[in-house]
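Participant: For reference, the structure I am asking about is given below.
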Amino acid sequence: MPAFDTLLCDVDDGVATVTLNRPDRLNAFDVVLTRELHGLWRDFRFDDDVRAVVLTGAGDRAFCTGIDRGDVIPQPSGPWMMDDPGLSLGPKSADLWKPVVAAVNGIACGGAFYLLGNYERMSAARAQQVGLVQEVVPAADLLPRAQQLAREIAEGPPVAVQGTVRSVWLAKELARTQALRMADVFVGLGNDVDLIAEGQERFAAGNRVDWRLR
């Protein structure tokens, strides 16, 4: 694993825990963080030991406060071109389709959800209510809970799990008819004969998970 200036990374039991490590800047992203995170996403594509990722922020004040306004980002001339470092932040921008669980530990800025803009803040409870987050837990439980979820996801067949991530994004981007035409391809890729046989053996042996009711 390379050394980073703006990130921390630890891999354990199939899960990589990636920490945005600029607490003095509330983990705002600059050109360096963007480049390092994008490169890490690319590296994870070739690392079969990483089957799921937890993304969090250093410190107890913020997960990420968006772009670092103190960073100078050269821009091309003209109104139709713009270099936006945020476009390279996400795993999808690096063609990484392994699942990522976000452990949001504090302020998370980015995007405008309401016309009121800076006049309102969204609480964790409200974010869960409108479907932006899955769970709200005490701060001390946040990272362990996110890692637990990532480990549970990592236990699944990688091809099927990654195909599910890919299909979720395609469903958001494709028209209905196009998405339905892709369904058979994804179902076929996810139904590997050997993996199905392995799952049936586990089921027959009584190796069943302790499920949760939501």
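The values are calculated or read from the model by the stated rules, or taken from the named source; none is laboratory data. The structure presented is a predicted model; accordingly, all values stated were derived computationally and were not measured. Using ideal geometry, Cβ is built from the backbone for each residue, glycine included, and neighbour counts are taken over all protein chains shown.
Participant: Out of (1) within 23 Å of residue 138 (Cβ to Cβ); (2) not in a loop (DSSP other than H, G, I, E, B), what's the single condition that is false for residue 59?
Facilitator: (2)
Participant: Read through the list (1) under 30 Å from residue 84 (Cα atoms); (2) of a type outside the set (D, E, K, R); (3) exposed (fewer than 13 other Cβ atoms within 10 Å of the Cβ), then give the number of the only condition that residue 122 fails.
Facilitator: Failing condition for residue 122: (3).
Participant: For the range 108-126, indicate whether the set of residues that are assigned to a helix (DSSP H, G or I), modelled with pLDDT of 90 or more, in the same structural domain as residue 18 (by TED's automatic domain parsing) and among the aliphatic types (A, V, I, L, M) is non-empty.
Facilitator: Among the residues of the range 108-126, at least one is assigned to a helix (DSSP H, G or I), modelled with pLDDT of 90 or more, in the same structural domain as residue 18 (by TED's automatic domain parsing) and among the aliphatic types (A, V, I, L, M), which makes the answer yes.
Participant: State which residue pairs qualify: first residue of a type in the set (Lys, Arg) and inside the range 22-48, second residue surrounded by fewer than 22 Cβ atoms within 10 Å (Cβ to Cβ) and at pLDDT below 95 in any location, beta carbons under 6 Å apart, and separation of 6 or more residues or different chains.
Facilitator: 25/68
Participant: Do you know which residues across the range 199-214 are outside any loop (DSSP other than H, G, I, E, B) and farther than 23 Å from residue 148 by Cα?
Facilitator: Correct list: 200, 201, 204.
Participant: Let me ask something else about it. Which condition does residue 163 not pass, out of (1) outside the structural domain of residue 57 (by TED's automatic domain parsing); (2) part of a loop (DSSP other than H, G, I, E, B), if it passes all the others?
Facilitator: (2)
Participant: Can you name every residue in the range 191-214 that is of a type in the set (Gly, Ala, Ser) and farther than 17 Å from residue 159 by Cβ?
Facilitator: 204, 205, 206
Participant: Another question, if that's okay. Answer yes or no as to whether residue 92 is crowded, with 20+ Cβ neighbours inside 10 Å, on the phi < 0 side of the Ramachandran plot and basic (Lys, Arg).
Facilitator: No; evaluated as a whole, the condition is false for this residue.
Participant: Name, by its number, the condition in (1) free of Cβ contacts under 8 Å to residues at least 24 places away in the same chain; (2) outside any loop (DSSP other than H, G, I, E, B); (3) in the same structural domain as residue 90 (by TED's automatic domain parsing) that does not hold for residue 135.
Facilitator: (2)
Each row is one residue, and each column tells you yes or no for (1) of a type in the set (D, E, K, R); (2) surrounded by 14 or more Cβ atoms within 10 Å (Cβ to Cβ); (3) over 14 Å from the mean Cα position of the chain (by Cα).
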position	(1), (2), (3)
23	no, yes, yes
26	no, yes, yes
30	yes, yes, yes
34	no, yes, yes
43	yes, yes, yes
46	no, no, yes
52	no, yes, no
61	yes, no, yes
72	no, no, yes
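Participant: Provide a single number: the residues in the range 157-214 that are at pLDDT below 80, among the small types (Gly, Ala, Ser) and in contact with a helix residue (DSSP H, G or I) (Cβ under 7 Å, 6 or more places away or on another chain).
Facilitator: 1
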